[in-house]
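Colleague: Please find one structure pasted underneath; my questions will follow.
The values are calculated or read from the model by the stated rules, or taken from the named source; none is laboratory data. These numbers were taken from a predicted model, which means no experiment stands behind them. Please note: Cβ atoms are built from the backbone with ideal geometry, for glycine as well, and neighbour counts cover all protein chains shown. For the accessible areas, the whole protein counts, side chains as well, though only heavy atoms, and no ligand, DNA or RNA atoms are used. Shrake-Rupley method; radii C 1.70, N 1.55, O 1.52, S 1.80 Å.
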Amino acid sequence: MMENRTTLFRLAFLAVVALQVALLLVIIVPKERTLATGEEVVLQTVPVDPRDLFRGDYVNLRYTISTLRGYAGFAVGDRIYVGLMQQGDVWDVRSASQSPPDGLYIKGRVTEIRPDSLDVEYGIESYFVPEGSGSIIENADDVKVRVAIDSSGNAAVKGLLVDGEPFKPNQPEETPKAAPTPVVTPDASPPLVTTPEPVPTPAATPTN
Amino acid sequence: MDSENRPQDSPGDDFLGRLQAEVERWQQERLIGARQAAAILCHYGLRPPTAVRVWRLGRLASILAVVGAILVGVGIILLIASNRQEFDLPRGLKVALIMGTTVFLYALGYVLKYELRFPRVGDAITFLGAIFYGAAVFLVGQIYNVQPDEPRLLLYWFVGVVPLAYLLRSSPILALSALVAAAGLGMQAAVWMEYSGSEQVTAIRVLSLYGILGPLYYGLAWLHEGLPPLRDLHRPLQVIGLVMSLAALFGLGFTGLFDLTDESIPDMLGRLVLTYSLLSAATVVSFGAAFYLWRRSLASLPYEAVAALALVALAFVTAYVPIEKPEPAAALYNILLAAALLGTVAVGVARDSEAHINIALGSFAILVLTRYFDWALDLFDRSLFFLGAGALVLAVAFLLESYRRRLLRQVRGG
């Protein structure tokens, strides 16, 4: 009797630990699937208020596709499907609708409605960086994001392109830059420079 | 029986046998705690004198183990969250390390408690596992760049640890679960309200949410106390429920909160109304079930239930009805908070609960200090307010003292 209770207790304990592992997998599996099977696109970020750009150990990102102009009939909180098309080396808005369009699209949610535009979030607005390296992104001239989008419109960040090169948090600060235009930080710390590296191909390995 | 340890003129074995049985019964009925039981049995030589020391060392070991577990947990979280390049590992390996550490901590806690018979350290390591699991949820989210203010991460934490609290009958893990659930609900409400763009209205509605959740926890505490297998788990719910209820009233008592002249007040979102309604219904059900369980000795339950349900109703009204005059609204919440604090002291005295009295007195001190600086009154007005409030409290004390003397006279006369 006592042994049965002990066995039952052990099984229940194991079940709770298994439940916790399963809950972690609920986060991991969809993201891994998107990263593995999704089509890679490059999205252009737009500058955000520097006071809000870098918070703690992650960067807040806003994209050109975060603000949609000329689309009506949406309410705050609505699901939105944004069709994408390639324009040069980045992808931009092709259409926006309440049902999935043909071709490549990304799924988002309407967060704000203004008289002439909509704000949309896609779940790719955060990028975690090693402690203390956020200023490299904050001081960059151009930040693009490599994003994987699966067939259901779910997106996952694969990596950042800072001034055209993959984001390297531990890049040497004193190495001369290819183009001689050092970026000076507002607090007059040593100029940040980047080492020339090949532009990544779509099949490049994720940074995380 | 240890006859050498008995005091001189020690009573007979019959008495000692009955005393031992009584002490066990007193302890079961919670008239005395483990320390008092050990002290009484030592005094009569029924336990060696070291028994009280053993109890004290056990308690100290428990406290140190929990503090140590929290420190180690925070250290691990910060180490991984710092995302330092020195620890830059492939994504799969990071995930495996996080999952492996979670499972390892639980396995270690289990082995220490049930196999090697170190229950206190084992419990602390399991508690550390529950903290680390929460960190694991956020760290995995970080690896996949999930929004850090995503409420579902807190939901995963809560769903993962609450069964563990009941399986192990662990008060610290239940307290953790209750706090995580509260944080998750608050964050979800804030995210829903964020779309409306009004920070003040968001604050009012999140505080209102806690004005419902606090009474729910308090009702659940009564329910747990009435069910013998869950009795040991009632304390964290009681303390968190009480503090959350008082904190909601306290937060709503700031004059600036209702100063919405420049704000457009957005409609209540359907999802938020549904959340409020479900939590309110759960509060009513828990107090109803508590009434059934305690039907033979209701004690202060009816008064506490009325106060809790009144707060739920008030929270609902606060969230729904736009308040046009900030000062009277803030004054009303402060008066209600003062009444709630007096009620808490009364409940503490009636139930002989130090927790109630300490929470009420601590809250009272915070209330006086903050309101002194919050209210932009002239010194003269301030002085009148504090003179009036002080005189009122002294009058209540005088009436209580008079009532006490009357009772004493009745006791002596009878």
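Colleague: Determine, yes or no, whether A:Leu19 is surrounded by 12 or more Cβ atoms within 10 Å (Cβ to Cβ), modelled with pLDDT of 95 or more and at the interface with another protein chain (Cβ under 9 Å from one of its Cβ atoms).
Modeller: Working: surrounded by 12 or more Cβ atoms within 10 Å (Cβ to Cβ): yes; modelled with pLDDT of 95 or more: yes; at the interface with another protein chain (Cβ under 9 Å from one of its Cβ atoms): yes.
Yes, satisfied.
Colleague: Turning to a different aspect of this structure: Among the residues of region A:152-177, write down those that are touching a Ser or Thr at 6+ places or on another chain (Cβ under 8 Å) and either over 24 Å from B:Val146 (Cβ atoms) or modelled with pLDDT under 85 (or both).
Modeller: Matches in region A:152-177: A:Asp163, A:Glu165, A:Phe167, A:Lys168, A:Pro169, A:Asn170, A:Gln171, A:Pro172, A:Thr175, A:Lys177.
Colleague: Looking at region B:143-167, which of the residues that are open to solvent by 20 Å² or more (accessible area, probe 1.4 Å) and hydrophobic (A, V, I, L, M, F, W, C) is farthest from B:Ala107 (Cα to Cα)?
Modeller: Taking region B:143-167 first, the residues open to solvent by 20 Å² or more (accessible area, probe 1.4 Å) are B:147-150, B:152, B:155-159, B:162-163, B:166-167.
This time we only want the ones that are hydrophobic (A, V, I, L, M, F, W, C), so: B:155, B:157-159, B:162, B:167.
Working: B:Leu155: 24, B:Trp157: 19, B:Phe158: 20, B:Val159: 19, B:Val162: 18, B:Leu167: 15 Å.
Only one residue tops the list, namely B:Leu155.
Colleague: Which condition breaks for B:Val201 when tested against (1) facing another protein chain (nearest Cβ under 10 Å); (2) assigned to a helix (DSSP H, G or I)?
Modeller: Every listed condition holds for B:Val201 apart from (1).
Colleague: Looking at (1) within 14 Å of another protein chain (Cβ to nearest Cβ); (2) assigned to a loop (DSSP other than H, G, I, E, B); (3) open to solvent by 20 Å² or more (accessible area, probe 1.4 Å), which one does A:Ser151 not meet, given that it meets all the others?
Modeller: The one condition A:Ser151 does not meet is (1).
Colleague: Among what's in region B:245-287 and is part of a helix (DSSP H, G or I) and at pLDDT below 80, pick the residue that is surrounded by the fewest Cβ atoms within 10 Å (Cβ to Cβ). Don't jump to the end; show me each part of the working.
Modeller: We begin by selecting, within region B:245-287, every residue part of a helix (DSSP H, G or I); these are B:245-252, B:255-258, B:270-287.
Among the residues that remain, those that are also at pLDDT below 80 are: B:255-258, B:270.
Numbers: B:Thr255: 18, B:Gly256: 12, B:Leu257: 19, B:Phe258: 23, B:Gly270: 10.
Per the stated criteria, the residue is B:Gly270.
Colleague: Quick check on my filter: what residues within region B:367-395 are surrounded by 13 or more Cβ atoms within 10 Å (Cβ to Cβ) and either modelled with pLDDT of 80 or more or not in a helix (DSSP H, G or I) (or both)?
Modeller: B:Leu367, B:Trp375, B:Leu377 - these are the residues of region B:367-395 that are surrounded by 13 or more Cβ atoms within 10 Å (Cβ to Cβ) and either modelled with pLDDT of 80 or more or not in a helix (DSSP H, G or I) (or both).
Colleague: Scan region B:299-330 for residues that are modelled with pLDDT under 85, open to solvent by 40 Å² or more (accessible area, probe 1.4 Å) and in a helix (DSSP H, G or I) and jot them down.
Modeller: B:Tyr320, B:Glu327, B:Pro328, listed by residue number.
Colleague: Restricting the search to region B:26-48, which residues are open to solvent by less than 90 Å² (accessible area, probe 1.4 Å) and touching a residue at least 24 places away in the same chain (Cβ under 8 Å)? Full working, then the answer.
Modeller: First pass over region B:26-48, keeping only residues open to solvent by less than 90 Å² (accessible area, probe 1.4 Å): B:26-27, B:32-34, B:36-42, B:44-48.
Passing the criteria: B:Cys42, B:Tyr44, B:Gly45, B:Leu46, B:Arg47, B:Pro48.
Colleague: Can you confirm whether region A:124-139 contains a residue that is in a loop (DSSP other than H, G, I, E, B) and away from chain B (no Cβ under 14 Å)? Full working, then the answer.
Modeller: Step one: filter region A:124-139 for residues in a loop (DSSP other than H, G, I, E, B), giving A:124-125, A:129-133, A:139.
With the extra rule that they be away from chain B (no Cβ under 14 Å), the set shrinks to A:139.
Yes: region A:124-139 contains one or more residues that are in a loop (DSSP other than H, G, I, E, B) and away from chain B (no Cβ under 14 Å).
Colleague: Suppose the filter is open to solvent by less than 30 Å² (accessible area, probe 1.4 Å), closer than 27 Å to A:Val157 by Cα and more than 10 Å from chain A (Cβ to nearest Cβ); does B:Ala124 pass it? If you could, list the steps in order and put the result at the bottom.
Modeller: Values: open to solvent by less than 30 Å² (accessible area, probe 1.4 Å): yes; closer than 27 Å to A:Val157 by Cα: no; more than 10 Å from chain A (Cβ to nearest Cβ): yes.
So B:Ala124 fails the test.
Colleague: Can you tell me which of (1) more than 7 Å from chain A (Cβ to nearest Cβ); (2) over 24 Å from the mean Cα position of the chain (by Cα); (3) assigned to a helix (DSSP H, G or I) is the one B:Ala136 doesn't meet?
Modeller: Answer for B:Ala136: the failing condition is (1).
Colleague: Also: Can you find, within region A:23-44, the residue that is farthest from the other protein chains (Cβ to nearest Cβ) among those that are in contact with a helix residue (DSSP H, G or I) (Cβ under 8 Å, 6 or more places away or on another chain) and part of a strand (DSSP E or B)? It would help to see each step written out before you state the result.
Modeller: Let us first name the residues in region A:23-44 that are in contact with a helix residue (DSSP H, G or I) (Cβ under 8 Å, 6 or more places away or on another chain), namely A:23-24, A:26-28, A:43-44.
So of that shortlist, the ones also part of a strand (DSSP E or B) come out as A:43-44.
Details: A:Leu43: 13, A:Gln44: 18 Å.
Result: A:Gln44.
Colleague: Out of B:Leu242, B:Leu179, report the one residue that is away from every other protein chain (no Cβ under 14 Å) and open to solvent by less than 30 Å² (accessible area, probe 1.4 Å).
Modeller: Numbers: B:Leu179 fails: open to solvent by less than 30 Å² (accessible area, probe 1.4 Å).
Going through B:Leu242, B:Leu179 in turn, just one is away from every other protein chain (no Cβ under 14 Å) and open to solvent by less than 30 Å² (accessible area, probe 1.4 Å): B:Leu242.
Colleague: Next question. Looking only at region B:52-68, decide whether some residue is more than 10 Å from every other protein chain (Cβ to nearest Cβ) and not in a helix (DSSP H, G or I). Give the steps one after another, and end with the answer.
Modeller: Within region B:52-68, the first condition is being more than 10 Å from every other protein chain (Cβ to nearest Cβ), and the residues that meet it are B:52-68.
Still in the list and also not in a helix (DSSP H, G or I): none.
No, region B:52-68 contains no residue that is more than 10 Å from every other protein chain (Cβ to nearest Cβ) and not in a helix (DSSP H, G or I).
Colleague: Just one of (1) among the β-branched types (Val, Ile, Thr); (2) open to solvent by less than 10 Å² (accessible area, probe 1.4 Å); (3) at pLDDT below 70 trips up A:Thr181, so point out which.
Modeller: Condition not satisfied by A:Thr181: (2).
Colleague: Name the residue that is nearest to the other protein chains (Cβ to nearest Cβ), counting only residues in region A:55-95 that are surrounded by 15 or more Cβ atoms within 10 Å (Cβ to Cβ), part of a loop (DSSP other than H, G, I, E, B) and of a type in the set (Asp, Glu).
Modeller: A:Asp57
Colleague: Every residue in region B:18-35 that is modelled with pLDDT of 85 or more and among the small types (Gly, Ala, Ser), please.
Modeller: B:Ala21
Colleague: Which of the residues belonging to region A:96-111 are over 30 Å from B:Leu272 (Cα atoms) and either of a type in the set (Gly, Ala, Ser) or within 14 Å of chain B (Cβ to nearest Cβ) (or both)?
Modeller: Once the filter is applied, which keeps residues that are over 30 Å from B:Leu272 (Cα atoms) and either of a type in the set (Gly, Ala, Ser) or within 14 Å of chain B (Cβ to nearest Cβ) (or both), region A:96-111 yields only A:Gly103.
Colleague: Can you find even one residue in region B:79-86 that is assigned to a helix (DSSP H, G or I), open to solvent by 70 Å² or more (accessible area, probe 1.4 Å), within 14 Å of another protein chain (Cβ to nearest Cβ) and in contact with a helix residue (DSSP H, G or I) (Cβ under 8 Å, 6 or more places away or on another chain)? Before the answer, list the steps.
Modeller: To start, the set of residues in region B:79-86 that are assigned to a helix (DSSP H, G or I) comprises B:79-81, B:85-86.
Checking which are open to solvent by 70 Å² or more (accessible area, probe 1.4 Å) leaves us with B:79, B:86.
Next cut, within 14 Å of another protein chain (Cβ to nearest Cβ) only: B:79, B:86.
From what is left, the residues that are in contact with a helix residue (DSSP H, G or I) (Cβ under 8 Å, 6 or more places away or on another chain) are B:79.
Among the residues of region B:79-86, at least one is assigned to a helix (DSSP H, G or I), open to solvent by 70 Å² or more (accessible area, probe 1.4 Å), within 14 Å of another protein chain (Cβ to nearest Cβ) and in contact with a helix residue (DSSP H, G or I) (Cβ under 8 Å, 6 or more places away or on another chain), which makes the answer yes.
Colleague: Read through the list (1) touching a Leu at 6+ places or on another chain (Cβ under 9 Å); (2) closer than 28 Å to B:Val180 by Cβ; (3) not charged (D, E, K, R), then give the number of the only condition that B:Pro326 fails.
Modeller: Failing condition for B:Pro326: (2).
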